[in-house]
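Structure first, commentary second.
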Protein chains: 2
Amino acid sequence: MPSGIAHAELIAVLVAVTANEPRVMTLRGGEVLPYGPFESKHRSLQSGLRAWIESQTGHPVGYLEQLYTFADRDRDPQNPEDTNGARHISIGYLGLVREQDAAGDGRPAWHDWYRYFPWEDHRDRRPEALDAIAEHLEHWAKGDPLRQQRAEYLFGLNGKAWNEDLALQRYEMMFEAGLADGAGGEGRAVFGQPMVGDHRRILATGIARLRAKIKYHPVVFELMPESFTLLELQRTVEALSGLRLHKPNFRRQIDQQDLIEETGEMSSGTGGRPAKLFRYRPAILEAQSLSGTRLPVSRG
Amino acid sequence: MPSGIAHAELIAVLVAVTANEPRVMTLRGGEVLPYGPFESKHRSLQSGLRAWIESQTGHPVGYLEQLYTFADRDRDPQNPEDTNGARHISIGYLGLVREQDAAGDGRPAWHDWYRYFPWEDHRDRRPEALDAIAEHLEHWAKGDPLRQQRAEYLFGLNGKAWNEDLALQRYEMMFEAGLADGAGGEGRAVFGQPMVGDHRRILATGIARLRAKIKYHPVVFELMPESFTLLELQRTVEALSGLRLHKPNFRRQIDQQDLIEETGEMSSGTGGRPAKLFRYRPAILEAQSLSGTRLPVSRG
DNA sequence: CGTCGATATACTCAAACCGAGTACAAGAAG
DNA sequence: CTTCTTGTACTCGGTTTGAGTATATCGACG
């Protein structure tokens, strides 16, 4: 069997939510996702990565999931990989941690992920960037009905509904249309802060996966502090999904499923009436995380 | 940065449905999944694998999706990989092809996948294997309430409902309990045909993924011939999910979504009244495959 | 002290969806 | 022409879900 030798590395999309903003851990001024060599001293990829992340962030990783393995030849045009005949493989992981915090070696920094994808935040209003994007895409899709239809669908144009789960496909279309980095040349606009190589695509993959995941699995709780109010929980889900939710319905679905229980204490309140504090029910965890636990992600 | 060198290979779970049975392509008498080295002559992993599969099966691959990257150190105990310091990475893919067909180099054969997971087929009756499995698991979980609860949940014991999506978790529990291969020793029973290394686990990953996928994405059509009757479509979904479905409801959901259209012709009939022939609507494909197309997988 | 602003929490209501069952139509086989 | 098998249409009740409304309880401020 020929070759089959490759450079392998791990790359992590580490997410935390602080002050109602979803954040990603980055290096080098925010244009690189944390990555590391594929070492074999640990029993599995997961456990090795987990240890590495904990050394970097100083916090335990609540949830860790393999995202995707990226290995396209033209991944990173600036860094030709065929020189030695071996290819470059990046195994991407999605990790959720409870708090943003400095510490660690490589001066990691947490950044609001909407800095990289400003068009993905629909919590307060339709992002203005969308209008400009729509215009560019229209020009790009001119004469190609399939492209047009797909652009309308992905970006919620012409009365189509916005679907928050399609973050990756949206980014990919923008990349193809030359709107994601300078590669398009010819004076095209660039939206959102670029990252090195395909790191922004990997981040988009993580966002899309997480947005899909929170609807059916109780992973949000990995991002919450020990005790929290229902509104804080809702704000976290909203931060991740980029949508505003309907408060009564959100609460209904939450307590229909017995995912949380009251701690007995009340929040000291930021403004209005004090809210009950809740905690995630760890006992139920195993069974629930298998079955179809649902978090309502619906417009409000 | 240290090492980061690894042996990389691709491994494929190739699925077809023929005569209402889900089949997997295998080599060497059915105990090996098709695999190949990770070559760099193609633009991407996907396209390289696609070409390779088509040369093997003689049929185009309708759908191809990355499954998971397997790289645990103790993946394959018979084949120690630390000898040369490089680790072994398998990038798994799930592929759907339209017909089973011989041809190709390595004398590939298609096998009913329930041969490897007999307890997963609930179409006609509750598999008898489940009783024996339940008994073994009960013994294995004795004194550990978490294990007990999880076993009940995974295998639908004690009145719990069966959930077809949990195929992977079920296999993993059986593996842990020593019921999946001879490794358990001490005269344990072995259920289903074993495969080399972790190939059976990879197959379980593919089955679970496909079962989850068909509920929300119109990928079943990649397994269907050009034109088909509604019952044939239903039988295919049933074959994959391992469940019987409610006919009227299945039909309702199918044509609510405009996924298919009549060809105008009728089936020459296998028994009763001739059925209308339908075809998948290719025009809608792009948009639909993004949105939440639903195929009803419910008991009948 | 009373009102306002803000948040928390409870309740209502209709549309949509979904599981399950029933009834009838149309060809094949005997 | 009866029976079997498959196809197709319809009904019905329960559950889910999106959306709206009403009330409770705090802090702040005049």
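The values are calculated or read from the model by the stated rules, or taken from the named source; none is laboratory data. The structure presented is a predicted model; accordingly, all values stated were derived computationally and were not measured. Here Cβ is always computed from backbone atoms with ideal geometry, including for glycine, and neighbour counts include all displayed protein chains.
Structure summary
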{"read-out": "Residue within segment A:255-273 that is surrounded by 21 or more Cβ atoms within 10 Å (Cβ to Cβ) and within 12 Å of DNA strand C (Cβ to nearest atom) present", "value": "yes"}
{"read-out": "Selection count where residues are in contact with a Ser or Thr (Cβ under 8 Å, 6 or more places away or on another chain), hydroxyl-bearing (Ser, Thr, Tyr) and part of a loop (DSSP other than H, G, I, E, B), scope segment A:237-275", "value": "1"}
{"read-out": "Residues of segment A:134-179 satisfying the condition of being under 12 Å from residue A:204 (Cβ atoms) and within 10 Å of chain B (Cβ to nearest Cβ)", "value": "A:165, A:166, A:169"}
{"read-out": "Any pair with Cβ under 6 angstrom, 6 or more apart, that starts in segment A:125-150 at a residue that is of a type in the set (Gly, Ala, Ser) and ends at one that is not in a helix (DSSP H, G or I)", "value": "A:129/A:191; A:134/A:157"}
{"read-out": "Failed condition for residue A:215, given (1) surrounded by 17 or more Cβ atoms within 10 Å (Cβ to Cβ); (2) of a type in the set (D, E, K, R); (3) away from DNA strand D (no atom under 16 Å from the Cβ)", "value": "(3)"}
{"read-out": "Residues of segment B:113-147 that turn out to be at pLDDT 95 or above and either under 30 Å from residue B:58 (Cβ atoms) or among the polar types (S, T, N, Q) (or both), as a count", "value": "8"}
